[in-house]
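Chemist: The structure under discussion is supplied below as structure tokens; questions concerning it will follow.
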Amino acid sequence: MLSDKIILVGFMGSGKSSVGKRLSKKLGIRLLDSDTCIEENEKKSINEIFNEYGENAFRNMESELLNKLFLSKDKFILSTGGGMPCFNDNAKMIKKTGVSFYLMSSPDSVLERLKNDTTRPLLQGDDRYEKIKALMSKREDFYREAADIIIETDGKTVDDITDEIIERLGEIS
Ligand code: S3P
């Protein structure tokens, strides 16, 4: 079944990891986090991978992981890195792999969640808000292309979002 594979996409700080964890508990389906899988494979942090190998190499790692998961027969929830749908043919691959949800957040709520973050190489330095807005508007179409269902997250708790996903899953299966 297509809904044996649930994929969460969206911008950094949109809640994919927290919602993925809660969803995994509620549905009893294993959670995979693409960043964690890559960090474990490489035995390096995302910051180290970007610094030592560059962003392109990281994007190739993401695509390779996605291709492997597309072929996998296992059930899983995949929490994707915020750039995954925006490179190579990943948006199409995500859609073909399972049921995908775009967790949509405003730049303000992303800034609020990530204002002190040091783990996202693309958001370091000054003008974090401007960086978020610019990157988000470049990426919006990819997220929409990758997603079967869009869930707005502003003003909602992790539980609200999780329950909404479960409700929408019930409608399609
Ligand atoms: C990235 C998002 C990050 C991580 C890397 C690049 C991006 O994941 O993959 O820092 O390009 O948006 P999260 O969305 O889990 O923060």
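Chemist: So what is the calculated 222 nm ellipticity per residue for the chain, using -39500 (n - 2.57) for each DSSP H run with n of 4 or more, over all residues, to the nearest 500 deg cm²/dmol?
Modeler: The per-residue figure over the chain is -17000 deg cm²/dmol.
Chemist: Here's something else I'd like to know. With just the Cα atoms defining each centre, how far is segment 110-144 from segment 1-53? Give it in Å.
Modeler: Segment 110-144 and segment 1-53 have Cα centres spaced 18 Å from each other.
Chemist: Same structure, new question: Taking the Cα centre of segment 65-115 as origin, sum charge times position over the Cβ atoms of Lys and Arg (+1) and Asp and Glu (-1), and report the length of that vector in debye to the nearest 20. Present the calculation step by step, with values, prior to reporting the outcome.
Modeler: On the way: 8 positive and 4 negative charges, 51 e Å.
So the dipole magnitude of segment 65-115 works out to roughly 240 debye.
Chemist: So, in nm, how far is label Arg113 from label Lys25 when the simple model puts each one 7 Å beyond its Cα toward the Cβ?
Modeler: For Arg113 paired with Lys25, the spin-label model returns 1.7 nm.
Chemist: Is there a quick way to get the dipole size of segment 2-172? I mean about its Cα centre, with the Cβ of Lys and Arg at +1 and of Asp and Glu at -1; what is the value in debye to the nearest 20? Intermediate values should be presented prior to the final figure.
Modeler: Numbers: 27 positive and 31 negative charges, 86 e Å.
The calculated dipole for segment 2-172 is roughly 420 debye.
Chemist: Pull out a ≥ b ≥ c, the square roots of the eigenvalues of the alpha-carbon gyration tensor of the chain, then state rounded if a/c is under 1.5, prolate if not and a/b is larger than b/c, and oblate in the remaining case.
Modeler: oblate
Chemist: Moving on to the next point. To the nearest 0.05, what FRET efficiency results for Asp127 and Glu64 with a Förster distance of 45 Å applied to their C-beta separation?
Modeler: Once rounded, the FRET efficiency stands at 0.90.
Chemist: Let me ask something else about it. Assuming R0 = 22 Å, can you tell me the calculated FRET efficiency for the pair Arg168 and Asp4, based on Cβ-Cβ distance, to the nearest 0.05?
Modeler: Details: r = 16 Å, r/R0 = 0.71.
Once rounded, the FRET efficiency stands at 0.90.
Chemist: Further, regarding this structure: Local charge sum around Gly54 (other residues, Cβ-Cβ under 14 Å, Lys/Arg +1, Asp/Glu -1)?
Modeler: -3
Values in this text are rule-based calculations from the coordinates and carry no lab data. On a predicted model such as this, the values are computed, not experimentally measured, just so you know. Every residue, glycine as well, gets a Cβ built from its backbone with ideal geometry; the counts of neighbours run over all protein chains shown.
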